[in-house]
Amino acid sequence: MMASSYSAKDEDGHITVTGPGGAALRSKKPENTAFKQQRLPAWQPILTAGTVLPAFFIIGLIFIPIGIGLFVTSNNIREFEIDYTGVDESSPCFNCSQNFSWNSTRPCTCSIPFSLEHSYENNVFMYYGLSNFYQNHRRYVKSRDDSQLNGHLGSLKPSKECEPYAKHDNKPIAPCGAIANSMFNDTLELFYNDPNGTKVLIPLRATGIAWWTDKHVKFGNPGDGLNLTAEFQGTTKPVNWRKPVYELDSDPLNNGFINEDFIVWMRTAALPTFRKLYRIISRRDNMVPTLLRGNYTLEVVYNYPVRSFEGRKRMILSTISWMGGKNPFLGIAYITVGSVCFFLGVVLLIIHHKYGNRNNSADISN
């Protein structure tokens, strides 16, 4: 019986094993390096009362003032909301919600009076809000053709992702897909009722409501955009639309695929209750508020049915601040985290003061 022998090399950690017949065999032992033998230098923090307690107090003292500032700023933002779904019989839009559907040929109009208790300074943003509308559904989100929306030559032919809203009457739909087909199309107008009883139309700006990158990068009209009727020849409008895409606006810079109402709608919401920017009320005089305190009327051309899926519709008027729109959650979160850290710091300080001075060097008997 032949025995094998080995010789170790401490320099590199390799072990040479001599097998039968004197053949040298290499073992699987890792090399004797700092990385493979896990001897790399490491740093591990040592948590003591002198480091943990100041950290808790510093976090509390920083987060609480920031949270108070955010909360106060959010509360200073003016916001007014009207639900015009027309569910209640007393609602001015009740008849419209009962008798209206996608196939209605004549739009329904309703007027909703309301009053503002405070004047609105600076620019005012008008939003439309929808509830119980799941724009985040997987098949809904995929139902679009980004190549078509970008205006690439020859891209008006829809992709398979747009099915079943890709073709109608053997013509390609432009824009195709379920997102475009369900575009919000209510018309909202705002009037101020002055003390003399005259209704003054509030001018609403329809541009500047979409992301710059969306309008100038992601969306574009086919061709040179000068004659959209000719560019979209051979296509048809989405099934639920009342007019084709090249008639969305009379302004050539806000028409077709670059219409900002359309672009805003195509940016899908993450939650079933959401709001989207509809119009901007620009401040014209620095000495006069944008919206005066008083009585107003919201004129709604009711084109968008929501009763079939138990949805709700609302109009929101809001100002903004340096932190954006009204959102008290961020301030509350900062105050909560800061308060919890400060409270834990006090508790740990009491525990350390009470038990930290004990003599832990007692002899241990063998």
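Is it the case that V217 is among the β-branched types (V, I, T) and touching a Pro at 6+ places or on another chain (Cβ under 9 Å)? Against the criterion (among the β-branched types (V, I, T) and touching a Pro at 6+ places or on another chain (Cβ under 9 Å)), V217 does not qualify.
Determine whether the stretch 75-98 contains at least one residue that is farther than 17 Å from M315 by Cα and open to solvent by less than 40 Å² (accessible area, probe 1.4 Å). No, the conditions are met nowhere in the stretch 75-98.
Among the residues of the stretch 151-171, just one is farther than 22 Å from D261 by Cβ, open to solvent by less than 80 Å² (accessible area, probe 1.4 Å) and modelled with pLDDT of 90 or more, namely A166. For first residues located in the stretch 255-268 and within 13 Å of W211 (Cβ to Cβ), partners that are open to solvent by less than 10 Å² (accessible area, probe 1.4 Å) and among the acidic types (D, E) and lie 6+ apart or on another chain with Cβ distances below 6 Å form the pairs I263/D214. Quick one: would you say T16 is among the hydroxyl-bearing types (S, T, Y), at pLDDT 90 or above, touching a Phe, Trp or Tyr at 6+ places or on another chain (Cβ under 9 Å) and open to solvent by less than 60 Å² (accessible area, probe 1.4 Å)? It is false that T16 is among the hydroxyl-bearing types (S, T, Y), at pLDDT 90 or above, touching a Phe, Trp or Tyr at 6+ places or on another chain (Cβ under 9 Å) and open to solvent by less than 60 Å² (accessible area, probe 1.4 Å). Scanning the stretch 289-318 for residues that are assigned to a helix (DSSP H, G or I) and of a type outside the set (A, V, I, L, M, F, W, C) gives R307, S308.
Select from the stretch 183-241 the residues that are aliphatic (A, V, I, L, M), over 16 Å from L253 (Cβ atoms) and more than 21 Å from the chain's Cα centre (by Cα) and list them in ascending order. Once the filter is applied, which keeps residues that are aliphatic (A, V, I, L, M), over 16 Å from L253 (Cβ atoms) and more than 21 Å from the chain's Cα centre (by Cα), the stretch 183-241 yields L188, L190, V200, L201, I202, L204, A230, V239.
Residue by residue, here is whether (1) within 30 Å of A230 (Cβ to Cβ); (2) polar (S, T, N, Q) holds:
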site: Y84; (1), (2): no, no
site: T109; (1), (2): no, yes
site: F114; (1), (2): no, no
site: E117; (1), (2): no, no
site: N150; (1), (2): yes, yes
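Among the residues making up the stretch 276-300, those that are hydrophobic (A, V, I, L, M, F, W, C) and open to solvent by 40 Å² or more (accessible area, probe 1.4 Å) are M287, V288, L292.
Sort out which residues of the stretch 262-283 are closer than 24 Å to E247 by Cα and not in a helix (DSSP H, G or I), and write them in order of number. Lay out the reasoning, then the answer.
Of all residues in the stretch 262-283, those closer than 24 Å to E247 by Cα come to 262-268, 276-281.
Scanning the stretch 262-283 gives R267, T268, K276, L277, Y278, R279, I280, I281.
Among the numbered criteria (1) within 18 Å of L149 (Cβ to Cβ); (2) at pLDDT below 90; (3) not in a loop (DSSP other than H, G, I, E, B), which single criterion is violated by Y246? Only one criterion is unmet by Y246, namely (2). The test for being in a loop (DSSP other than H, G, I, E, B) and either farther than 30 Å from A178 by Cβ or modelled with pLDDT of 95 or more (or both) holds for N286. Hey, can you tell me all the residues within the stretch 188-224 that are closer than 28 Å to C108 by Cα and open to solvent by 60 Å² or more (accessible area, probe 1.4 Å)? Within the stretch 188-224, E189, G197, T198, K199, V200, L201, P203, R205 qualify. The single condition among (1) in contact with a Lys or Arg (Cβ under 9 Å, 6 or more places away or on another chain); (2) polar (S, T, N, Q); (3) over 24 Å from R283 (Cβ atoms) that S111 does not satisfy is (1).
The values are calculated or read from the model by the stated rules, or taken from the named source; none is laboratory data. Just so you know, these numbers come straight off a predicted model, no measurement behind them. FYI the Cβ positions are ideal-geometry reconstructions off the backbone, even for glycines, and counts take in every protein chain you see. Accessible surface is based on the protein model in full, side chains and every heavy atom, while ligands, DNA and RNA are left aside. Shrake-Rupley method; radii C 1.70, N 1.55, O 1.52, S 1.80 Å.
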